[in-house]
Amino acid sequence: INNKEIIIFIIILGHFAEFVKKRGAVMNLKQMEYFIAIVNEGNISAAAKSLHISQPPLSAQMKLLEDELGVVLFERGSRSIFLTEAGKVFYEKALHILHLTTAVSDELQQMGQGLRGPLHMGMISSVQTPRLIRALSSFVSLHPEVTLRISEGNTYELMDQINSGLIEVAVVRTPLPTESYQCHFLEAEPMMAVGKPEFFPDPAAASISVASLASCPLIVYRRWEPFISHCFPGTAPDYLCINDDARTSMTWAQCGAGIALVPSSMARSGGEDLLKIPLSDQGVISQIALIARKHGMVSRVSKEFFHFFPEYFANKGFKV
């Protein structure tokens, strides 16, 4: 984080403080931490235990916070709490503010020192391959005082987390909108049809078109559905299963439900009893990408990793 970004952060906090002042509130970061703990734990008693405080003062702090804001943040059930719409908004903003506060504090402490602190990043499940894990391990080996804080989700969930400031970089897969992000792409990899041999019209084929699988029970990852559907000459067939995780597609294929259309690196995780045939359709490919926001506050650790990523894979002989 440079001086300009620190100034921007101070301005943001100033605007937030002005809002609080207008509401007549005196909320503090500790109250935000308490509120986040309650949401994460699911109820006040569990949060009090995790915070090492008794339940009555924690409940009192939350009642005071709600009174100061003039809104109800959550409904108290017999076993758990339920966020109101105001509570959902406050939870997201409180996470963002606490993350930025920690980032600025870390940056100020790091001045004149080596790289240290957390790398807040996201990864989708289908990219957690040995080569990606080795890249992360190599980065930590170069900077022993860096710790990894990894969030998991699909590509769009991780983009939302980047936009809200909860994470700073993410390893995702194409297709994705690139206009708002800095991107480093690894080489393109073909998509493959994966399933039991009896599902395939020609099990001995070296490659296969999507159109030739029209009568087969197809298992498709949701974000690739539009691209797959365009490969059929007419209306796309009814897919057996459309899901949000490439691992789910592979699990269904492994169980003998149908043919999964997945990236080749994901196909390798399938058992020996599965047939794996590359798709021959032009443009039906997938790429791993490291993304970060084009604008906004980014920590030194994240900046360093963003530069390290393409250099590491280029040195290993991969196209970037």
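Taken over the stretch 186-200, residues that are touching a residue at least 12 places away in the same chain (Cβ under 8 Å), out of contact with any helix residue (DSSP H, G or I) (no Cβ under 6 Å at 6 or more places or on another chain) and over 15 Å from ARG173 (Cα atoms) amount to 5.
Taking (1) part of a loop (DSSP other than H, G, I, E, B); (2) without any contact (Cβ under 8 Å) to a residue 40 or more places away in the chain; (3) of a type outside the set (A, V, I, L, M, F, W, C) in turn, SER212 satisfies each apart from (1).
Of everything in the stretch 152-170 that's within 30 Å of LEU240 (Cα to Cα) and open to solvent by less than 60 Å² (accessible area, probe 1.4 Å), which residue is nearest to the chain's Cα centre (by Cα)? I'd like the intermediate steps shown before the answer.
We begin by selecting, within the stretch 152-170, every residue within 30 Å of LEU240 (Cα to Cα); these are 152-160.
Pick out the ones that are also open to solvent by less than 60 Å² (accessible area, probe 1.4 Å) and you get 153-155, 158-159.
Numbers: GLY153: 4, ASN154: 6, THR155: 6, LEU158: 3, MET159: 7 Å.
Checked the stretch 152-170; the qualifying residue nearest to the chain's Cα centre (by Cα) is LEU158.
Only a single criterion out of (1) open to solvent by 20 Å² or more (accessible area, probe 1.4 Å); (2) among the hydrophobic types (A, V, I, L, M, F, W, C); (3) modelled with pLDDT of 95 or more is not satisfied by PHE227, namely (3). Restricting attention to the stretch 171-182, does a residue exist that is open to solvent by 40 Å² or more (accessible area, probe 1.4 Å), over 25 Å from ARG116 (Cα atoms), in contact with a Lys or Arg (Cβ under 9 Å, 6 or more places away or on another chain) and not in a helix (DSSP H, G or I)? Yes.
When restricted to residues that are farther than 21 Å from ALA204 by Cα and in contact with an Asp or Glu (Cβ under 7 Å, 6 or more places away or on another chain), the stretch 239-264 contains 1. Any residue at all in the stretch 64-87 that's open to solvent by 40 Å² or more (accessible area, probe 1.4 Å), under 11 Å from ILE36 (Cβ atoms) and part of a helix (DSSP H, G or I)? Scanning the stretch 64-87, I find no residue that is open to solvent by 40 Å² or more (accessible area, probe 1.4 Å), under 11 Å from ILE36 (Cβ atoms) and part of a helix (DSSP H, G or I), so the answer is no. Apart from one condition, LEU261 fits all of (1) farther than 21 Å from MET121 by Cα; (2) in contact with a Phe, Trp or Tyr (Cβ under 8 Å, 6 or more places away or on another chain); (3) part of a helix (DSSP H, G or I); (4) not charged (D, E, K, R); the exception is (3).
I'm trying to understand the selection: among the residues of the stretch 124-151, which are open to solvent by 50 Å² or more (accessible area, probe 1.4 Å), at pLDDT 90 or above and under 21 Å from SER269 (Cβ atoms)? Within the stretch 124-151, ILE133, ARG134, SER137, ILE150 qualify. Evaluated against (1) part of a helix (DSSP H, G or I); (2) open to solvent by less than 70 Å² (accessible area, probe 1.4 Å); (3) at pLDDT below 55, ILE7 falls short on exactly one condition, (2).
A Cβ distance below 7 Å, combined with a sequence gap of six or more or placement on separate chains, defines the contacts here; from the stretch 263-282, residues that are without any contact (Cβ under 8 Å) to a residue 40 or more places away in the chain reach residues that are surrounded by fewer than 21 Cβ atoms within 10 Å (Cβ to Cβ) and in a helix (DSSP H, G or I) in the pairs GLY271/GLN254.
When the residues of the stretch 268-287 are filtered to those that are modelled with pLDDT of 90 or more and within 21 Å of PRO175 (Cβ to Cβ), the one that is most open to solvent (accessible area, probe 1.4 Å) is SER280. Here is the figure for the stretch 189-201: residues that are open to solvent by 50 Å² or more (accessible area, probe 1.4 Å) and of a type in the set (Gly, Ala, Ser) total 0. Scanning the stretch 294-314 for residues that are surrounded by fewer than 15 Cβ atoms within 10 Å (Cβ to Cβ) and modelled with pLDDT under 85 turns up LYS294, HIS295, GLY296.
The values are calculated or read from the model by the stated rules, or taken from the named source; none is laboratory data. Just so it is clear, the model here is predicted, and its values are computed rather than measured. Because the Cβ atoms are built from the backbone with ideal geometry, glycine has one as well, and the counts that use them run over all protein chains shown. Each accessible area value is taken on the protein alone, full model and side chains, heavy atoms only, with ligands, DNA and RNA left out. Shrake-Rupley method; radii C 1.70, N 1.55, O 1.52, S 1.80 Å.
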